[in-house]
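Working notes, beginning with the structure itself.
The values are calculated or read from the model by the stated rules, or taken from the named source; none is laboratory data. Small disclaimer: the values here were computed from a predicted structure and weren't measured. Cβ placement follows ideal geometry from the backbone for every residue including glycine, while neighbour counts extend to all protein chains displayed. Ligands, DNA and RNA are excluded from the accessible area calculation, which covers all protein heavy atoms including side chains. Shrake-Rupley method; radii C 1.70, N 1.55, O 1.52, S 1.80 Å.
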Amino acid sequence: MTITDTHTHLYSNEFDEDRNEMMQRAIDAGVSRFFIPAIDATFTQAMYDLEKSYPANVFLMMGLHPTHVKENYLEELQFVENELSKRNFFAVGEIGIDLYWDKTHLPQQQDAFKKQIQLAKKHKLPIVIHCREAFDEIFEILETEKSPDLFGIFHCFSGTYEQALRAISYNMKLGIGGVVTFKNGKIDQFLNQIDLKHIVLETDSPYLAPVPYRGKRNESSYLLNVVRKLSEIYNLSQEEIALITTENSKAIFGI
């Protein structure tokens, strides 16, 4: 059973004490493909080091995370553009808008999101969207940028059924992780109305650990708990969930 974690921050310093053991636990559990989102330039070397240690398993994205869009965001975007021109990446991400922590830089976040979508189109790459309390703002920009070459993943999808359908209408898969196991997560109430072809799996580790690990450090091996939950929701075997969602990830990332 091959399971794909489409969104995991394995370079996080929260794994510095036991990274190799954590990676081995995931691989032993069948989670053998890890897609790694960028945050800003300060994390890039750690991402490259991780890729060097696990070249057969780790696949990198490049981008500027919305919570790291500050006064210097144009310099950061130039860095993203430079890195994209130097080597292969598998997505532009994670990018988007986050109005949960700070609304101060909304215009800059909107500009950064739009510019990075255009970079993704230029390099024929998918985008991986971070959206927190910003569905309207995200959809507004996707509407202006929609085209056959716009596609990707709505990471950590936690919206309504209607928002799910709208995200899918922009050629986005829905990234489903620990939230689907939460009692108050709500997406489990309508997910069976969404065709599994639109779903990919993710952990967002070290964040958003699924039940029964909620509140603790998340890691990629815990993706099995998400697979089990989706198996219940879709009334399919865990092997079928793993197979279909991994095929969906291949359709997005091309590998």
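The table below lists the values:
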item	result
Ranking by accessible area, most exposed first, for THR2, THR246, THR104 with a 1.4 Å probe	THR104, THR2, THR246
For the chain, accessible area per residue (1.4 Å probe, heavy atoms of protein chains only), Å²	44
Long-range HN-HN contacts of PHE151 with modeled amide H, under 5 Å	ILE127
Around ASP98: net Lys/Arg minus Asp/Glu count, Cβ-Cβ under 12 Å	-2
Semi-axis lengths, Å, the chain, gyration tensor of Cα atoms, sqrt of 5 times eigenvalues	26, 22, 17
Peptides 228-234, 184-190 ordered by average Cβ neighbours within 10 Å, highest first	228-234, 184-190
Protein-only accessible surface order, largest first, of HIS105, HIS123 at 1.4 Å	HIS123, HIS105
DSSP-loop chymotrypsin sites (Phe, Trp or Tyr not before Pro) across the stretch 94-174, with at most 15 other Cβ within 10 angstrom	TYR100, TRP101
Length gained when the stretch GLU143-SER237 is fully extended (0.36 nm per residue, less Cα-Cα span)	30.2 nm
Mean-position separation - Cα centroids, the stretch 23-58 and the stretch 73-108, in angstrom	19
P(r) of the stretch 183-255 over all Cα-Cα pairs, binned every 10 Å from zero, in whole percent	19, 50, 30, 2
Contour minus Cα-Cα distance for ARG228 and ASN13 (0.36 nm per residue)	74.6 nm
The stretch 55-121, accessible surface, carbon-and-sulfur percent (1.4 angstrom probe)	51
